[in-house]
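The block underneath contains the structure these notes are about, expressed in structure tokens.
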Amino acid sequence: MENQNVRAMNYSAAKEMINEYKNIHLNDSDFLQSEYFDREDLLSLLTNPKCKGLRIYNAIKSNEDSKQNRFIIMAEDENGKTILNTKSYSPGVSVLNLGMGFIGNEAAILENGSPCPPLCREQ
């Protein structure tokens, strides 16, 4: 599953790409620029010895009268399968029944990060 095209980039190039996305989507009613996830929560996935990497999904969280774009982060093994995490979960980690062909039917995921907007920091 190694991606040969993944590379580090400089800050100005990253900011340019982010601003281009923002300029196109800023007026969308469901605009989500980013979401903050705490280091300890990310480490709760990364410290699993089977974890080869993280996959970040775009998702929609439905509430009674609204829907929000959100991000969900899942740890994957070397075969690209979502890893079940049996250790205790930190506050940002949820266990959901996915039923989507992942390993088993429960996966440790990160969700409920701090969304921007409204909780934004200046780049």
> Considering Gly53, Gly92, Gly99, Gly104, which residue is out of contact with any Lys or Arg (no Cβ under 9 Å at 6 or more places or on another chain) and at pLDDT 85 or above?
Replying inline: Gly53
>> within 17 Å of Pro117 (Cβ to Cβ), basic (Lys, Arg) and at pLDDT 90 or above: is that true of Lys22 in this structure?
In response: yes
>> I'm told Ala59 meets every condition in (1) within 24 Å of Ser34 (Cβ to Cβ); (2) at pLDDT below 90; (3) among the hydrophobic types (A, V, I, L, M, F, W, C); (4) surrounded by fewer than 15 Cβ atoms within 10 Å (Cβ to Cβ) except one. Can you identify the failing condition by its number?
In response: (2)
> Taking the condition farther than 12 Å from Ile109 by Cβ and modelled with pLDDT of 85 or more, does Asn3 pass?
Replying inline: no
> Do you know which residues across the stretch 31-54 are part of a loop (DSSP other than H, G, I, E, B) and either open to solvent by less than 60 Å² (accessible area, probe 1.4 Å) or within 16 Å of Asn112 (Cα to Cα) (or both)?
Replying inline: Phe31, Leu32, Gln33, Phe37, Asp38, Asn48, Cys51
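The values are calculated or read from the model by the stated rules, or taken from the named source; none is laboratory data. Just so it is clear, the structure is predicted and the values come from calculations on it, not from any experiment. Every residue, glycine among them, receives a Cβ derived from its backbone with ideal geometry; neighbour counts consider all protein chains shown. Heads up: the accessible areas ignore ligands, DNA and RNA and are worked out on the full protein's heavy atoms, side chains in. Shrake-Rupley method; radii C 1.70, N 1.55, O 1.52, S 1.80 Å.
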